[in-house]
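The values are calculated or read from the model by the stated rules, or taken from the named source; none is laboratory data. All values derive from a computational prediction rather than experimental measurement. All Cβ positions, glycine included, derive from the backbone under ideal geometry; neighbour counts span all protein chains shown.
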Amino acid sequence: MPQLNLDNDDFRNHLYNQSKDGKRLWLYPGRIIGKFYRLRSYFSYFLLIALFGLPWLEYKGQPIFLFNVLARKFIFWGVPFFPQDFHLVALGLVAFLIFVSLFTVLFGRIWCGWACPQTIFMEMLFRKIEYWIEGNDKAQRRLNESPWTQEKMLKKGAKHALFLVFAFAISNTFLMYLMGKGDWLRLIQEPVGLHIAGFSAIWIFTAVFYLVFARFREIVCMVICPYGRLQGVLLDNNSILVQYDHTRGEPRGKTTSEQSTGDCIDCHWCVRVCPTGIDIRNGSNQLECIGCTSCIDACDAVMDKIHKPKNLIRYDSLNGGKFGH
Ligand code: SF4
Ligand code: SF4
(Lines give C-alpha, C1' and ligand atoms only; values in the text may rest on other atoms or scores of the structure.)
(Ligands and ions follow the chains in the order given, each with its own letter.)
Protein backbone atom coordinates (compact mmCIF):
# COMPACT_ATOMS: atom_id res chain seq x y z
CA MET A 1 0.00 0.00 0.00
CA PRO A 2 1.42 3.46 -0.88
CA GLN A 3 2.67 5.33 2.15
CA LEU A 4 2.66 9.01 2.92
CA ASN A 5 5.69 10.75 1.49
CA LEU A 6 7.36 11.90 4.69
CA ASP A 7 10.95 11.89 3.42
CA ASN A 8 11.09 15.58 4.01
CA ASP A 9 9.51 15.81 7.44
CA ASP A 10 10.95 19.24 8.17
CA PHE A 11 7.33 20.44 8.51
CA ARG A 12 7.24 18.83 11.94
CA ASN A 13 9.95 21.12 13.26
CA HIS A 14 8.32 24.52 12.85
CA LEU A 15 4.96 26.12 12.14
CA TYR A 16 4.15 26.64 8.49
CA ASN A 17 4.03 30.39 8.91
CA GLN A 18 7.38 30.48 10.65
CA SER A 19 10.89 30.48 9.24
CA LYS A 20 13.56 28.22 10.72
CA ASP A 21 14.88 31.12 12.79
CA GLY A 22 11.42 31.73 14.26
CA LYS A 23 10.35 34.74 12.16
CA ARG A 24 6.78 35.10 10.92
CA LEU A 25 6.33 34.16 7.28
CA TRP A 26 3.50 36.11 5.70
CA LEU A 27 1.09 33.75 3.96
CA TYR A 28 -0.47 34.53 0.59
CA PRO A 29 -3.23 31.96 0.12
CA GLY A 30 -4.42 31.90 -3.48
CA ARG A 31 -8.09 32.18 -4.35
CA ILE A 32 -9.83 29.12 -5.69
CA ILE A 33 -13.49 29.24 -6.63
CA GLY A 34 -14.96 25.76 -6.62
CA LYS A 35 -18.04 23.95 -5.40
CA PHE A 36 -17.19 24.17 -1.71
CA TYR A 37 -16.06 27.79 -1.87
CA ARG A 38 -19.38 28.76 -3.46
CA LEU A 39 -21.37 26.85 -0.84
CA ARG A 40 -19.33 28.36 1.98
CA SER A 41 -19.80 31.83 0.48
CA TYR A 42 -23.60 31.46 0.37
CA PHE A 43 -23.67 30.09 3.90
CA SER A 44 -21.42 32.90 5.13
CA TYR A 45 -23.74 35.55 3.62
CA PHE A 46 -26.58 34.04 5.62
CA LEU A 47 -24.47 34.03 8.81
CA LEU A 48 -23.22 37.59 8.30
CA ILE A 49 -26.74 38.90 7.71
CA ALA A 50 -27.90 37.08 10.87
CA LEU A 51 -24.96 38.34 12.94
CA PHE A 52 -25.32 41.98 11.90
CA GLY A 53 -29.13 41.89 11.78
CA LEU A 54 -30.10 40.10 15.00
CA PRO A 55 -29.20 42.93 17.42
CA TRP A 56 -31.69 45.18 15.57
CA LEU A 57 -34.60 42.79 16.08
CA GLU A 58 -36.80 42.73 19.15
CA TYR A 59 -39.31 40.23 20.45
CA LYS A 60 -41.99 41.53 22.85
CA GLY A 61 -39.95 44.72 23.28
CA GLN A 62 -36.80 42.78 24.25
CA PRO A 63 -33.67 41.97 22.19
CA ILE A 64 -33.48 38.42 20.84
CA PHE A 65 -29.99 38.04 22.34
CA LEU A 66 -28.40 40.08 25.10
CA PHE A 67 -25.25 39.29 27.09
CA ASN A 68 -25.04 42.29 29.37
CA VAL A 69 -22.47 41.10 31.89
CA LEU A 70 -22.21 44.45 33.70
CA ALA A 71 -25.98 44.75 34.27
CA ARG A 72 -26.22 40.98 34.84
CA LYS A 73 -28.99 40.67 32.30
CA PHE A 74 -29.06 37.91 29.72
CA ILE A 75 -31.58 37.17 26.98
CA PHE A 76 -31.32 34.03 24.90
CA TRP A 77 -33.71 33.57 21.97
CA GLY A 78 -36.03 36.14 23.56
CA VAL A 79 -36.07 34.41 26.98
CA PRO A 80 -34.61 36.56 29.80
CA PHE A 81 -32.25 35.00 32.37
CA PHE A 82 -31.28 36.63 35.66
CA PRO A 83 -28.45 35.93 38.14
CA GLN A 84 -30.78 33.64 40.16
CA ASP A 85 -31.16 31.49 37.00
CA PHE A 86 -27.43 30.88 36.92
CA HIS A 87 -27.85 27.13 37.56
CA LEU A 88 -29.67 26.96 34.21
CA VAL A 89 -26.75 28.67 32.52
CA ALA A 90 -24.36 26.22 34.18
CA LEU A 91 -26.48 23.26 33.00
CA GLY A 92 -26.74 24.81 29.54
CA LEU A 93 -22.96 25.23 29.37
CA VAL A 94 -22.35 21.61 30.37
CA ALA A 95 -24.86 20.44 27.72
CA PHE A 96 -23.17 22.74 25.20
CA LEU A 97 -19.71 21.35 25.98
CA ILE A 98 -20.97 17.78 25.59
CA PHE A 99 -22.67 18.70 22.32
CA VAL A 100 -19.52 20.37 20.97
CA SER A 101 -17.37 17.36 21.93
CA LEU A 102 -19.71 14.81 20.33
CA PHE A 103 -20.24 16.97 17.25
CA THR A 104 -16.46 17.26 16.82
CA VAL A 105 -15.90 13.52 17.24
CA LEU A 106 -18.37 12.94 14.41
CA PHE A 107 -17.86 15.87 12.07
CA GLY A 108 -14.35 17.10 12.86
CA ARG A 109 -13.73 20.76 12.14
CA ILE A 110 -16.88 21.53 10.15
CA TRP A 111 -17.52 24.37 12.60
CA CYS A 112 -14.09 25.92 11.96
CA GLY A 113 -14.40 25.82 8.18
CA TRP A 114 -18.03 26.77 7.79
CA ALA A 115 -19.31 28.77 10.75
CA CYS A 116 -16.54 30.07 13.02
CA PRO A 117 -16.70 33.89 13.08
CA GLN A 118 -12.90 34.05 12.70
CA THR A 119 -13.03 32.05 9.43
CA ILE A 120 -16.16 33.77 8.17
CA PHE A 121 -14.78 37.26 8.72
CA MET A 122 -11.25 36.40 7.59
CA GLU A 123 -11.96 34.32 4.50
CA MET A 124 -15.33 35.66 3.42
CA LEU A 125 -14.95 39.35 4.18
CA PHE A 126 -11.43 40.63 4.82
CA ARG A 127 -9.70 38.22 2.41
CA LYS A 128 -12.21 39.04 -0.32
CA ILE A 129 -11.51 42.76 0.15
CA GLU A 130 -7.81 41.98 -0.15
CA TYR A 131 -8.29 39.99 -3.37
CA TRP A 132 -10.48 42.76 -4.73
CA ILE A 133 -7.96 45.53 -4.09
CA GLU A 134 -4.57 43.80 -4.31
CA GLY A 135 -5.33 40.84 -6.59
CA ASN A 136 -4.56 37.17 -6.17
CA ASP A 137 -1.66 35.71 -4.18
CA LYS A 138 1.11 36.43 -6.70
CA ALA A 139 -0.02 40.03 -7.19
CA GLN A 140 -0.17 40.53 -3.41
CA ARG A 141 3.35 39.21 -2.96
CA ARG A 142 4.64 41.40 -5.80
CA LEU A 143 2.94 44.44 -4.25
CA ASN A 144 4.36 43.75 -0.78
CA GLU A 145 7.87 43.31 -2.13
CA SER A 146 7.74 46.36 -4.41
CA PRO A 147 8.96 49.84 -3.36
CA TRP A 148 6.42 52.38 -2.07
CA THR A 149 4.90 53.91 -5.19
CA GLN A 150 1.72 55.97 -5.46
CA GLU A 151 -0.16 52.87 -6.63
CA LYS A 152 1.03 50.84 -3.66
CA MET A 153 0.09 53.59 -1.21
CA LEU A 154 -3.37 53.87 -2.77
CA LYS A 155 -3.99 50.14 -2.66
CA LYS A 156 -2.69 49.68 0.87
CA GLY A 157 -4.50 52.79 2.07
CA ALA A 158 -7.82 51.68 0.53
CA LYS A 159 -7.47 48.16 1.91
CA HIS A 160 -6.66 49.21 5.44
CA ALA A 161 -9.35 51.92 5.41
CA LEU A 162 -11.94 49.28 4.47
CA PHE A 163 -10.51 46.91 7.08
CA LEU A 164 -10.98 49.64 9.69
CA VAL A 165 -14.55 50.33 8.57
CA PHE A 166 -15.50 46.67 8.91
CA ALA A 167 -13.60 46.28 12.20
CA PHE A 168 -15.57 49.30 13.46
CA ALA A 169 -18.86 47.74 12.29
CA ILE A 170 -18.01 44.41 13.97
CA SER A 171 -17.00 46.23 17.16
CA ASN A 172 -20.31 48.11 17.31
CA THR A 173 -22.32 44.95 16.57
CA PHE A 174 -20.43 43.16 19.31
CA LEU A 175 -21.29 46.00 21.70
CA MET A 176 -24.94 45.82 20.69
CA TYR A 177 -25.00 42.19 21.80
CA LEU A 178 -23.42 43.26 25.10
CA MET A 179 -25.49 46.34 25.91
CA GLY A 180 -28.63 46.07 23.74
CA LYS A 181 -29.80 48.26 20.87
CA GLY A 182 -31.32 50.99 23.09
CA ASP A 183 -28.20 51.62 25.18
CA TRP A 184 -26.00 51.44 22.08
CA LEU A 185 -28.12 54.05 20.26
CA ARG A 186 -27.85 56.33 23.31
CA LEU A 187 -24.09 55.75 23.37
CA ILE A 188 -23.56 56.89 19.79
CA GLN A 189 -26.09 59.74 19.89
CA GLU A 190 -25.20 61.42 23.18
CA PRO A 191 -22.04 63.50 23.86
CA VAL A 192 -18.82 61.52 24.20
CA GLY A 193 -18.27 62.97 27.70
CA LEU A 194 -21.30 61.04 29.01
CA HIS A 195 -20.02 57.70 27.75
CA ILE A 196 -16.23 57.67 28.06
CA ALA A 197 -16.18 53.96 28.92
CA GLY A 198 -18.53 53.03 26.06
CA PHE A 199 -16.56 55.01 23.49
CA SER A 200 -13.29 53.57 24.75
CA ALA A 201 -14.80 50.08 24.37
CA ILE A 202 -15.81 50.81 20.76
CA TRP A 203 -12.28 51.83 19.80
CA ILE A 204 -10.53 49.12 21.79
CA PHE A 205 -12.69 46.43 20.13
CA THR A 206 -12.17 48.09 16.74
CA ALA A 207 -8.39 47.99 17.23
CA VAL A 208 -8.52 44.34 18.34
CA PHE A 209 -10.68 43.24 15.38
CA TYR A 210 -8.53 45.24 12.95
CA LEU A 211 -5.32 43.66 14.27
CA VAL A 212 -6.84 40.16 14.23
CA PHE A 213 -7.86 40.39 10.56
CA ALA A 214 -5.10 42.63 9.23
CA ARG A 215 -2.13 41.10 11.09
CA PHE A 216 -2.72 38.05 13.31
CA ARG A 217 -4.91 36.10 10.89
CA GLU A 218 -4.00 32.38 10.91
CA ILE A 219 -2.14 32.81 14.23
CA VAL A 220 -5.55 32.98 15.94
CA CYS A 221 -6.44 29.49 14.64
CA MET A 222 -2.97 27.97 15.01
CA VAL A 223 -1.92 29.33 18.39
CA ILE A 224 -4.68 31.14 20.27
CA CYS A 225 -7.94 29.23 19.67
CA PRO A 226 -8.50 26.66 22.45
CA TYR A 227 -10.96 24.65 20.32
CA GLY A 228 -8.29 24.19 17.65
CA ARG A 229 -5.76 23.02 20.19
CA LEU A 230 -8.22 20.49 21.63
CA GLN A 231 -8.69 18.72 18.29
CA GLY A 232 -6.03 16.14 19.11
CA VAL A 233 -8.14 14.76 21.97
CA LEU A 234 -11.55 15.25 20.35
CA LEU A 235 -10.98 13.44 17.06
CA ASP A 236 -10.63 9.74 16.33
CA ASN A 237 -10.24 7.59 13.22
CA ASN A 238 -13.97 7.83 12.47
CA SER A 239 -14.12 11.64 12.54
CA ILE A 240 -14.85 13.24 9.20
CA LEU A 241 -12.03 15.54 8.15
CA VAL A 242 -10.52 16.99 5.03
CA GLN A 243 -8.22 14.15 3.97
CA TYR A 244 -5.73 13.48 1.22
CA ASP A 245 -6.13 9.96 -0.18
CA HIS A 246 -2.50 8.93 -0.25
CA THR A 247 -3.41 5.38 -1.31
CA ARG A 248 -4.54 6.93 -4.58
CA GLY A 249 -2.18 9.90 -4.76
CA GLU A 250 1.21 8.36 -3.93
CA PRO A 251 3.84 8.10 -5.18
CA ARG A 252 3.32 11.68 -6.26
CA GLY A 253 4.90 13.26 -9.31
CA LYS A 254 4.81 13.02 -13.07
CA THR A 255 4.36 9.67 -14.76
CA THR A 256 7.20 9.08 -17.21
CA SER A 257 8.30 6.11 -19.30
CA GLU A 258 10.60 5.12 -16.38
CA GLN A 259 8.18 5.50 -13.49
CA SER A 260 4.47 5.33 -12.96
CA THR A 261 3.02 7.49 -10.21
CA GLY A 262 -0.21 7.95 -8.29
CA ASP A 263 -2.80 10.58 -9.15
CA CYS A 264 -1.08 13.43 -7.28
CA ILE A 265 1.02 15.33 -9.83
CA ASP A 266 2.72 17.31 -7.06
CA CYS A 267 1.49 20.63 -8.47
CA HIS A 268 1.24 22.19 -4.97
CA TRP A 269 -2.10 23.85 -5.76
CA CYS A 270 -3.56 22.46 -2.54
CA VAL A 271 -0.73 24.11 -0.57
CA ARG A 272 -0.94 27.38 -2.48
CA VAL A 273 -4.59 27.97 -1.58
CA CYS A 274 -4.36 26.92 2.08
CA PRO A 275 -5.05 29.86 4.45
CA THR A 276 -2.82 28.33 7.12
CA GLY A 277 -0.11 27.40 4.60
CA ILE A 278 -0.06 23.68 5.32
CA ASP A 279 0.34 20.71 3.05
CA ILE A 280 -2.67 18.45 3.59
CA ARG A 281 -0.61 15.61 2.08
CA ASN A 282 1.44 15.50 5.28
CA GLY A 283 -1.48 13.73 6.96
CA SER A 284 -4.94 14.34 8.29
CA ASN A 285 -5.76 16.02 11.59
CA GLN A 286 -2.99 18.56 11.40
CA LEU A 287 -3.57 21.09 14.14
CA GLU A 288 -3.36 23.95 11.63
CA CYS A 289 -6.03 22.58 9.28
CA ILE A 290 -9.25 24.55 9.79
CA GLY A 291 -11.22 22.37 7.39
CA CYS A 292 -11.84 25.25 4.99
CA THR A 293 -12.09 22.92 1.94
CA SER A 294 -10.00 25.19 -0.32
CA CYS A 295 -7.57 22.34 -0.99
CA ILE A 296 -10.50 20.11 -2.05
CA ASP A 297 -11.62 22.71 -4.59
CA ALA A 298 -8.05 23.25 -5.81
CA CYS A 299 -7.31 19.55 -6.25
CA ASP A 300 -10.67 18.87 -7.90
CA ALA A 301 -9.86 21.57 -10.47
CA VAL A 302 -6.48 19.92 -11.11
CA MET A 303 -8.06 16.45 -11.42
CA ASP A 304 -10.57 17.89 -13.90
CA LYS A 305 -7.72 19.23 -16.02
CA ILE A 306 -5.76 16.00 -16.08
CA HIS A 307 -8.94 13.92 -16.60
CA LYS A 308 -8.69 11.96 -13.37
CA PRO A 309 -11.55 11.35 -10.93
CA LYS A 310 -12.12 14.13 -8.40
CA ASN A 311 -11.96 13.67 -4.62
CA LEU A 312 -8.26 12.92 -4.27
CA ILE A 313 -8.67 15.36 -1.37
CA ARG A 314 -12.10 15.02 0.19
CA TYR A 315 -14.18 14.85 3.34
CA ASP A 316 -13.66 11.39 4.77
CA SER A 317 -12.66 9.56 7.91
CA LEU A 318 -9.47 7.55 8.26
CA ASN A 319 -11.48 4.36 8.72
CA GLY A 320 -14.07 5.19 6.06
CA GLY A 321 -11.37 6.08 3.54
CA LYS A 322 -9.37 2.94 4.38
CA PHE A 323 -6.22 5.06 4.14
CA GLY A 324 -4.12 2.46 5.94
CA HIS A 325 -2.96 5.02 8.50
S1 SF4 B 1 -3.61 19.80 -5.75
FE2 SF4 B 1 -3.94 17.59 -5.84
S3 SF4 B 1 -2.54 16.95 -7.49
FE4 SF4 B 1 -1.85 18.98 -6.87
S5 SF4 B 1 -0.31 18.59 -5.26
FE6 SF4 B 1 -2.29 18.83 -4.20
S7 SF4 B 1 -3.02 16.74 -3.99
FE8 SF4 B 1 -1.43 16.67 -5.56
S1 SF4 C 1 -5.37 21.83 4.54
FE2 SF4 C 1 -7.12 22.23 3.18
S3 SF4 C 1 -8.91 22.26 4.50
FE4 SF4 C 1 -7.11 22.42 5.82
S5 SF4 C 1 -6.85 24.63 6.14
FE6 SF4 C 1 -5.56 24.05 4.39
S7 SF4 C 1 -6.82 24.37 2.57
FE8 SF4 C 1 -8.20 24.39 4.35
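Screening the candidates T247, T276, T255 for the property of being away from ligand 1 (no atom under 11 Å from the Cβ), of a type in the set (S, T, Y) and not in a loop (DSSP other than H, G, I, E, B) yields one hit, T247.
Only one of (1) touching a Ser or Thr at 6+ places or on another chain (Cβ under 8 Å); (2) at negative phi is not met by V94, so which one is it? Unmet for V94, out of (1) touching a Ser or Thr at 6+ places or on another chain (Cβ under 8 Å); (2) at negative phi: (1).
When Y42, Y37 are checked against the criterion of being assigned to a helix (DSSP H, G or I), surrounded by 14 or more Cβ atoms within 10 Å (Cβ to Cβ) and within 25 Å of the chain's Cα centre (by Cα), Y37 stands alone in meeting it. Among the residues of the range 275-284, the one identified as closer than 20 Å to N238 by Cβ and near ligand 2 (Cβ under 7 Å from one of its atoms) is I280. Taking the stated definitions as given, is N285 more than 14 Å from ligand 1 (Cβ to nearest atom), over 23 Å from the mean Cα position of the chain (by Cα), of a type outside the set (G, A, S) and closer than 18 Å to G108 by Cβ? Against the criterion (more than 14 Å from ligand 1 (Cβ to nearest atom), over 23 Å from the mean Cα position of the chain (by Cα), of a type outside the set (G, A, S) and closer than 18 Å to G108 by Cβ), N285 does not qualify. For the subset of the range 206-227 comprising residues that are hydroxyl-bearing (S, T, Y) and modelled with pLDDT of 95 or more, which member is nearest to L287 (Cα to Cα)? Per the criteria, the residue is Y210. For the range 285-321, the set of residues classified as near ligand 2 (Cβ under 9 Å from one of its atoms), touching an Asp or Glu at 6+ places or on another chain (Cβ under 9 Å) and of a type in the set (G, A, S) consists of S294 only. For the range 176-235, the set of residues classified as in contact with a strand residue (DSSP E or B) (Cβ under 7 Å, 6 or more places away or on another chain) and of a type in the set (G, A, S) consists of G180 only.
Applying a threshold of 6 Å to beta carbon distances and a minimum spacing of six or more residues, or different chains, the list of pairs starting in the range 239-260 at a residue that is buried (at least 20 other Cβ atoms within 10 Å of the Cβ) and ending at one that is at pLDDT 90 or above and aromatic (F, W, Y) reads I240/F107; I240/Y315.
Mind listing just one residue for me: the one in the range 49-69 that is in contact with a Lys or Arg (Cβ under 7 Å, 6 or more places away or on another chain) and surrounded by 14 or more Cβ atoms within 10 Å (Cβ to Cβ) and, of those, farthest from V79 (Cα to Cα)?
Residue satisfying both the conditions and the ranking: P55.
When I265 is tested against (1) part of a helix (DSSP H, G or I); (2) within 11 Å of ligand 1 (Cβ to nearest atom), exactly one condition is not met: (1).
Within the range 275-307, restricting attention to residues that are charged (D, E, K, R) and under 19 Å from I120 (Cα atoms), the residue that is modelled with the lowest pLDDT is E288. Against the numbered list (1) more than 16 Å from the chain's Cα centre (by Cα); (2) more than 9 Å from ligand 1 (Cβ to nearest atom), G291 comes up short only at (1).
Do we find a residue being within 10 Å of Q243 (Cβ to Cβ) and touching a residue at least 40 places away in the same chain (Cβ under 8 Å) anywhere in the range 297-310? Walk me through how you get there before you give the answer.
Taking the range 297-310 as the starting set, the residues that turn out to be within 10 Å of Q243 (Cβ to Cβ) are none.
There is no residue in the range 297-310 that is within 10 Å of Q243 (Cβ to Cβ) and touching a residue at least 40 places away in the same chain (Cβ under 8 Å).
Out of everything in the range 112-153 that is surrounded by 12 or more Cβ atoms within 10 Å (Cβ to Cβ) and among the small types (G, A, S), what residue ends up being farthest from W26 (Cα to Cα)? Only one residue fits best here, namely A115.
Okay, residues lined up against (1) closer than 25 Å to K73 by Cα; (2) in contact (Cβ under 8 Å) with a residue 40 or more places away in the chain; (3) touching a Pro at 6+ places or on another chain (Cβ under 6 Å):
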| residue | (1), (2), (3) |
| --- | --- |
| G135 | no, no, no |
| R142 | no, no, no |
| K152 | no, no, no |
| K156 | no, no, no |
| L162 | no, no, no |
| A167 | no, yes, no |
| N172 | yes, no, no |
| L187 | yes, no, no |
| E190 | yes, no, no |
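Here R314 fulfils each of the conditions (1) within 18 Å of T247 (Cα to Cα); (2) more than 10 Å from ligand 1 (Cβ to nearest atom); (3) at pLDDT below 95 apart from (3).
Considering the range 64-79, the residues that are in a strand (DSSP E or B) and not charged (D, E, K, R) include one that is farthest from the chain's Cα centre (by Cα), namely V79.
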